[in-house]
Amino acid sequence: MKKLLFLVLAMSLIAVVGGFAQTTLNFLWYQDATSAGYSTDVAIWQKFKDTNPDINLNQEILFSNAYHDKLTAYIAAGQMPDVFYLWPSLKDSSAIVQSKKLAKDLKVLLGADFLKDFTPAALDVNQQTSKMLLELPQSFTFTSTMYANKKLLSDLKIPLPKTYADLKAMVIKLKVKNIQTVLLPDGDGWPGESCLFSTIADRLLGNSFQDRLMTGKAKFTDPAFVAALTFWKTLFTDGVISWTNIQEPYGDGPGLFASGKAAFFVDGDWRVGAYLTDKATGKALIDPAVQATDFALLQFPTIPGEKFPAAAPGIAGTGLAVASTVAPGSDVEKAAVRLLKYYYGPEVQTLNYETGAYIPSRMGITSEKVEPMIGLMAAWKNTQSKPAYVFDGVFAPEVVNVLNPGLQAIGLGAKTPAQVAAEMQKAQDALLMKK
């Protein structure tokens with residue numbers, strides 16, 4: 001009887017499909033089901049399943065805050081997924097993984113021979129809070145790109161802006177046409193900070209001042225930082241950004257911009273993929289025939305009083321990680337390595353390049369199938385010099401989690417820049433006291 005029970009238990013732990021003993025690989029994946037590249041993404045993972053019948057890929061797909069909430073819950077419950085999507089910085093759930101080193105060092109796991117095909121910037125462990133290669137960056141990401149509807153502006157005889165004054169001057173002309181000037185949907189609570197306030201802080205303060213903020217040698221209540229928050233307020237009081245953006249879901253941005261509801265859209269470089277042709281439907285938010293002629297990618301215009309012109313915040317991109325809880329040498333670890341090498345291989349990286357998901361960090365990826373918008377983004381990224389700080393990439397979550405709702409409150413007129421600065425300083429003081 002005992003032998004029978006043991007046999008039943010053993011068979012329940014190993015699924016046998018088509019003669020293969022399957023290893024279950026729990027995979028928490030980050031993807032927007034509304035993006036143009038979603039059908040390609042589905043096909044990518046289906047091919048992995050088809051060509052790896054001995055791996056049972058248990059995939060869970062979430063996006064934006066829902067993803068971070070779920071990963072945080074898994075960590076708290078001690079049920080880490082075997083493979084998951086990770087940021088290199090102190091962003092939301094990734095802050096826990098990076099600070100506690102809850103993922104394996106991919107320099108060891110993937111090996112030098114595989115990693116030799118990636119750019120040095122992607123392999124720079126100083127780009128990751130843990131100072132280890134806990135995730136392999138798919139790309140180098142700029143979080144603040146200004147998408148411009150050139151044709152809309154031309155039809156209204158409005159030139160592309162070079163200064164903030166140029167932006168302000170077009171507000172009334174656009175408003176009478178029921179068109180927003182700058183679209184920045186901040187309903188998810190992070191785009192305002194990551195996609196635009198980081199630019200403001202970089203232009204007005206620079207990296208050295210922000211370094212001193214992090215170490216306590218400068219304060220958020222200092223006039224310089226309050227001035228950065230005050231300029232954020234000015235964007236709303238001048239009507240350059242409408243207060244309605246504060247309640248707008250992040251996912252609504254591309255559709256609103258593509259339909260001509262705004263002259264400009266501020267978002268990360270990754271958002272270019274939203275405008276491309278969806279292979280499942282054959283339709284694109286922006287027709288490829290007019291992507292290069294009717295649209296442009298710009299730096300945010302010159303800000304009054306800026307000390308560091310043209311600064312654009314950038315950071316090593318996101319990528320896949322393998323949980324540290326996966327036993328070394330186990331079948332699960334071997335399956336995880338196969339998944340990562342498949343995903344970062346030339347075929348998948350070319351597909352992601354073609355869908356506009358990102359400009360790959362894997363070297364030698366080219367394609368004649370890319371739409372003009374991807375070429376615009378690649379050219380724009382090539383104009384960027386040394387990237388400036390992304391606020392949530394360098395500051396502790398305790399501070400960022402005060403700033404994000406603070407920016408919303410400033411935009412709504414519910415709090416003053418000085419109040420938000422004081423709240424941030426209080427959070428920073430509490431953090432420094434723990435060290």
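The values are calculated or read from the model by the stated rules, or taken from the named source; none is laboratory data. Remember, predicted model here, so these are calculated numbers, not experimental data. For neighbour counting, all protein chains shown are included, and Cβ atoms are generated from backbone atoms with ideal geometry for every residue, glycine included. Surface accessibility is based on the protein's heavy atoms, side chains included, excluding ligands, DNA and RNA. Shrake-Rupley method; radii C 1.70, N 1.55, O 1.52, S 1.80 Å.
Scanning the stretch 310-332 for residues that are over 13 Å from the mean Cα position of the chain (by Cα) and either charged (D, E, K, R) or assigned to a loop (DSSP other than H, G, I, E, B) (or both) yields a total of 11. For the stretch 1-65, the strands (runs of 3 or more DSSP E) that sit wholly inside it and include 1 or more residues that are modelled with pLDDT of 90 or more are 20-30, 55-62. Against the test of being small (Gly, Ala, Ser), in a helix (DSSP H, G or I) and surrounded by 14 or more Cβ atoms within 10 Å (Cβ to Cβ), the options Ala122, Ala148, Ala165 yield a single qualifying residue, Ala122.
When Ser99 is tested against (1) in a loop (DSSP other than H, G, I, E, B); (2) modelled with pLDDT under 95, only condition (1) is not met. Exactly one residue out of Leu156, Leu160 is open to solvent by 40 Å² or more (accessible area, probe 1.4 Å), over 27 Å from the mean Cα position of the chain (by Cα) and over 30 Å from Tyr85 (Cα atoms): that is Leu156. Annotation: Ile315 fulfils all but one of (1) surrounded by 18 or more Cβ atoms within 10 Å (Cβ to Cβ); (2) modelled with pLDDT of 90 or more; the unmet one is (2). A residue that is within 22 Å of Ala95 (Cα to Cα), buried (at least 20 other Cβ atoms within 10 Å of the Cβ) and touching a strand residue (DSSP E or B) at 6+ places or on another chain (Cβ under 6 Å) can be found somewhere in the stretch 367-387. On the stretch given as the stretch 416-429, residues that are free of Cβ contacts under 8 Å to residues at least 24 places away in the same chain and under 18 Å from Trp190 (Cβ atoms) total 1.
Residue-level analysis places Leu133 outside the set of residues that are closer than 23 Å to Gly314 by Cα, open to solvent by 10 Å² or more (accessible area, probe 1.4 Å) and not β-branched (Val, Ile, Thr). Of the residues that make up the stretch 328-339, is at least one surrounded by fewer than 22 Cβ atoms within 10 Å (Cβ to Cβ) and closer than 19 Å to Asp41 by Cβ? Looking for residues that are surrounded by fewer than 22 Cβ atoms within 10 Å (Cβ to Cβ) and closer than 19 Å to Asp41 by Cβ, one finds at least one in the stretch 328-339, hence yes. Pairing residues of the stretch 229-240 that are on the phi < 0 side of the Ramachandran plot with residues that are of a type in the set (Ser, Thr, Tyr) and open to solvent by less than 40 Å² (accessible area, probe 1.4 Å), at Cβ distances under 6 Å and at least 6 apart in sequence or on separate chains, gives Val240/Thr181. If a residue counts only when it is within 25 Å of Ala421 (Cα to Cα) and open to solvent by less than 10 Å² (accessible area, probe 1.4 Å), which helices (runs of 4 or more DSSP H) contained entirely in the stretch 178-296 have at least 1 such residues? Because the criterion is at least 1 residues that are within 25 Å of Ala421 (Cα to Cα) and open to solvent by less than 10 Å² (accessible area, probe 1.4 Å), the helices (runs of 4 or more DSSP H) in the stretch 178-296 that meet it are 198-204, 206-215, 223-237. The residues of the stretch 130-145 that are under 30 Å from Val337 (Cα atoms) and in a strand (DSSP E or B), listed by number, are Phe140, Thr141, Phe142. Criterion first (crowded, with 23+ Cβ neighbours inside 10 Å and within 24 Å of the chain's Cα centre (by Cα)) does Ala409 satisfy it? So Ala409 does not fit the description; no.
Selection of the stretch 168-226 for residues being over 22 Å from Val400 (Cβ atoms) and charged (D, E, K, R) yields Lys168, Lys173, Lys175, Lys177.
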